Amino acid sequence: MDLNIKRKSTKTAVTGSLVETYPHDLQMYKIPPTENLSLKEFETLALERVVLLRSLATATTLKGLRLNSEEWTDYILGDLRTQGLKYYVKLCEKSACGTTDADLQARRKDHIAHFILRLAYCRTEELRRWFIARELELFKMRFATMRGDAIDTFFRLNNLCYTDITDEERNEIMHQLRECTSYANAENTKFYKVKFYEVLDLVKARKVFLKGGYAYIPHKDFISVLSAQYRTHLKQSLAKACHHLGEVEQDERLVALLKGLHQSYSGNDYSSVKAVIPIETLDTLSVKSYPLCMRQLHEHLRTAHHMKHGGRLQYGLFLKGIGVTLEDSLRFWREEFTKIMDLDKFEKQYAYNVRYNYGKEGSKRNYTPFSCLKIINNTVGPGDCHGCPFRHCEPNNLKNRLIGYGFDHQAVHDIIDITKKGHYQIACSKYFDASHNVDLGLGINHPNQYFEESQKLIKGDIKMDQKKEKVVIKKEINDLDGIDFDEPLD
Amino acid sequence: MVGENNYNLLPDMLPIYYTRLFPQNILCRWLTCGSAPQPLSNRELSFTLADDIYLRYLTINNQKELQTLLQKKCPHKLDIGGVYNTKPSIGRHDAVVLSRELVFDIDLTDYDEIRTCCQEAKVCEKCWKFMVIACEIIDKALKEDFGFQNILWVFSGRRGIHCWVSDYDARTLDSPGRGAIADYLCLILGGEGQNKKVYLGSDNLHSSVRRSLNIIDKYFEELLQDQEFFSTADGLKKLLKIIPDEGLRSQVEKVLDKMNESSVQRWMSFINIYESYCRENTNAVRKIRYLIEEIKIQYCYPRLDVNVTKGFNHLLKSPFSIHPKTGKVSIVFKPKNAKSMKLDEIPTLYSLLDDSSPDNALHQTNMRTAVKNFQEVVFSLEKAEAMRRRNDPNMSVEF
């Protein structure tokens, strides 16, 4: 793929026949566009695509809708309609291979906009991850809404030839196929055989039959193979785009726009701290201003005088983020740990870890505190006490803990109710309201944001009468930094 | 016989162990083969010296250099890392890990909430059975589901086992791929806030889960007798907390509380209560369809340290390294022999080097067997690697 700025060059536009260039609503974006484009259109297309991707992110992170569920799709389509992006609605609602002018124009815009955003989002690892995650969601959504004949055409156009397994082979493993795939009708489904690493998401969820390194996937799950390929393709393309960024940015008209796009989308990552928090205040703060995940870790540490690696990482980075200095942090962990082990052991086995968090050891990276998304998606194993309590605790245990903290029953009931529905971040926001006796309904996306909001409230930075206004603004910013941390594998 | 007093002997004994008993040659061949197509010198080794001084990014070009390095530094512990694109001991500015064996680490401390015989660093023949089950389940899954063939099983030196998969596909697997395999194999999820850690849903059981359950069934009764999971009030409470259905839970509590303390008997009557409850409450069945299976898994299924598997360049203790605390050798064993392995028959540094030790003869023999096991795996890996090169069109030019 070549990302030179051909669309700005003087080459003759190869508009040719749009039907030939864009035969299908869904594309894998293999060939970059080469036509001329006005700056105005360049900007509009870029911004519109950003709106589209943002809508996807909001559906998943803020609204807490399950990925690819019906409500999820409905929300996105509705949002696009209100934003006036009819051509994206058209592409997403029913992918097909129509040849009307409106179809072709929509595909052309989709194609160009995708390539513009590659340039805006290839700058950092974080941005790249966010972009890939969103584009993949979009791709899956569009594939899911595609009709049978359109799917066949799509396969043909993209040279995807996979042969299904022979009847003999199928009969031999019929029993297992029926067990491992969630479709009742295994007898009448076509099965394909691919290497297991082509369908990692199915392997991960134990939703596919594996034998000897091959995954046997039913026709319907084929999207997994495609999206894995698409992901790899995007990853490589973004790396290449980043490489060619210098050439693109010789045109200063583009620089401002491309950089602007990205800047408006990197929220606070809490890696630089202004205030200094003395560790003596942590006990009080843990009750007043900690989100539940951190309060739980803090209390665990105080009672058990020990914490497993995952917890040390999550809590340690949070502490760094709220303004505990390295020296204090070392002292804090040392004081607790040495209650059950000798100083020597702590210095050898755990002090490294603390310094590592502050970027003083190992690869010496200045690690940023974990966002809610990262915490929610973390694996929590036996003996671990980190993670998001709304996600990783059983409702009963959670309930007991909240009652133990002295919350009133109505509040506890509300929190548990929302937790059970799987809206962990909204539950956290309820917890915030309950523990501060307010009704703000903040969008919580980061434990450190929770902490800052709480401190502001306590110190009276947010005046009660104007709180509504402030919250709205804050919400918008937060929504962005939460999604930046999205994991590449969903 | 193993204790702190022997700790002081390490500096004297280790050099002798490294020259006389440590299988340097086989280890180098294993590492060379496992690093291909990169040279052996791109592999990171790490030493832990006396007083926990870590030396990272050590490299060797050949067996001779390994020998010299071992003599010079006399490491108390030897770890193996990933294979880089350059020699990691020189410049690591833009060094990236290109490949690495797929590894699994199972440690008995993760079983603390269920095992009743020992806690923390302690381990006995009774809880070793957890490792036997873990080894069998993981080994089967790696071979049958993922088609891996070159699998090395190593005793970790104290209370766990390690598994190294050296197949080319496994070595070059990226992080998401490793993560997916780890998640595929990991059935026990959730930390301290979660009593019930296994959810199998209510659809069909995946065939790999079914296979694991068959393996567990072979040992379950034995484990019940050994561990007496449900005989104490505490143990019973833990079981009750796993039962999600309140009606069933109170029935179980009533009956089990009053009866004989034997876990086997309590388990039997639990199954009876469960079955009749399911017959009577057909609408509750969906939620607890696999409750029996879920409990068995929670009490017996391997508890993997997934972070070790997911990490691409996680350091892991080398085979035949000595555990500095126990003095035990990290021997290589065959999964089918895990069952007959006795903890006190695992050779220790002290008994191997002391002719007068009563265990000497037995430990010598076991050490030889372990080296032979290692050899077998390395030979088959070398064969597989040669085959791969012959079939790889990119490589054929060079050979």
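Any read-out appearing in this document is the output of simple, stated calculations on the displayed coordinates, not a laboratory observation. What you are looking at is a predicted structure, and each value in this text was computed from that prediction instead of being measured. Ideal geometry is used to build each Cβ from the backbone, glycine not excepted, and the neighbour counts take in all protein chains shown.
Tabulated results
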{"read-out": "Inter-centroid distance (Cα atoms) of segment B:119-150 relative to segment A:111-188, Å", "value": "35"}
{"read-out": "Within segment B:236-250, backbone nitrogen closer than 17 Å to the virtual label 7 Å beyond the Cα of B:Asn281 toward Cβ", "value": "B:239-250"}
{"read-out": "Most to least packed among A:241-254, B:66-79 [average Cβ atoms within 10 Å]", "value": "B:66-79, A:241-254"}
{"read-out": "Rounded, prolate or oblate (a/c below 1.5 giving rounded, otherwise prolate when a/b exceeds b/c) for segment B:39-169 by Cα gyration tensor", "value": "oblate"}
{"read-out": "Lysine pairs with alpha-carbon atoms under 24 Å apart, segment B:31-147, spacing 8 or more or separate chains", "value": "11"}
{"read-out": "Distant-in-sequence amide H partners of A:Met146 (H built 1.01 Å from N, under 5 Å)", "value": "A:Ser95"}
{"read-out": "Neighbouring partner chain Cβ atoms per residue of A:201-207, average, 10 Å criterion", "value": "6"}
{"read-out": "Cα-based shape type of chain A, given that a ≥ b ≥ c are square roots of the gyration tensor eigenvalues and the cut on a/c is 1.5", "value": "prolate"}
{"read-out": "Cα gyration tensor shape for segment A:27-159, rounded if a/c is under 1.5, else prolate or oblate", "value": "rounded"}
{"read-out": "Point-to-point label distance, A:Leu67-B:Gln225, nm (Cα→Cβ direction, 7 Å offset)", "value": "4.7"}
{"read-out": "Where no second cysteine Cβ lies under 4.7 Å, the cysteines concerned in chain A", "value": "A:Cys92, A:Cys97, A:Cys161, A:Cys180, A:Cys293, A:Cys372, A:Cys385, A:Cys388, A:Cys393, A:Cys428"}
{"read-out": "Angle between chain B longest axis and helix B:360-391 axis [Cα atoms, degrees, rounded to 10]", "value": "80"}
{"read-out": "Spin-label zone in segment A:96-138 - amide nitrogen under 16 Å from a point set 7 Å from the Cα of A:His243 along the C-beta vector", "value": "A:119, A:122-123"}
{"read-out": "Angle in degrees between helix A:395-404 and the longest Cα principal axis of chain A, rounded to the nearest 10", "value": "30"}
{"read-out": "Loop sites in segment B:311-399: trypsin sites (Lys or Arg not before Pro), DSSP, at most 10 other Cβ within 10 Å", "value": "B:Lys342"}
{"read-out": "0 to 90° range, to nearest 10: angle between helix B:175-185 axis and chain B longest Cα axis", "value": "40"}
{"read-out": "Neighbour-count ranking [beta-carbon atoms within 10 angstrom, fewest first] of B:Arg43, B:Arg100, A:Arg178", "value": "A:Arg178, B:Arg43, B:Arg100"}
{"read-out": "C-alpha center-to-center spacing [segment A:429-445, segment B:36-57] in angstrom", "value": "50"}
{"read-out": "Averaged over B:169-177, number of beta-carbon atoms from partner chains that fall within 10 Å", "value": "3"}
{"read-out": "Averaged over B:190-202, number of beta-carbon atoms from partner chains that fall within 10 Å", "value": "6"}
{"read-out": "Per-residue [θ]222 nm for chain B (sum of -39500 (n - 2.57) over DSSP H runs n ≥ 4, rounded to 500)", "value": "-14500 deg cm²/dmol"}
{"read-out": "Long-range amide H partners of B:Leu102 with built H, under 5 Å", "value": "B:Val165, B:Arg171"}
{"read-out": "Whole-Hz ³J(HN,Hα) from phi, Karplus 6.51 cos²θ - 1.76 cosθ + 1.60, for segment A:375-385, glycine and proline x", "value": "5, 5, 7, 5, 8, 10, x, x, x, 7, 10"}
{"read-out": "Amide hydrogen neighbours beyond the local backbone of B:Lys77, cut-off 5 Å, H modeled", "value": "B:Thr48"}
{"read-out": "B:Ile292 versus A:Lys348: modelled label distance in nm, points set 7 Å from Cα along the beta carbon direction", "value": "4.9"}
{"read-out": "The protein assembly as shown - Rg (one decimal) and Dmax (whole number), Cα, Å", "value": "29.3, 93"}
{"read-out": "Those GluC sites (Glu not before Pro) in segment B:1-97 that DSSP places in a loop and that have at most 13 other beta carbons within 10 Å", "value": "none"}
{"read-out": "A:Thr124 paired with A:Val255, simple spin-label distance in nm, labels 7 Å along Cα-to-beta-carbon", "value": "2.0"}
{"read-out": "Mean residue ellipticity (222 nm) of chain A, computed from DSSP H runs ≥ 4 via -39,500 (n - 2.57), nearest 500", "value": "-17500 deg cm²/dmol"}
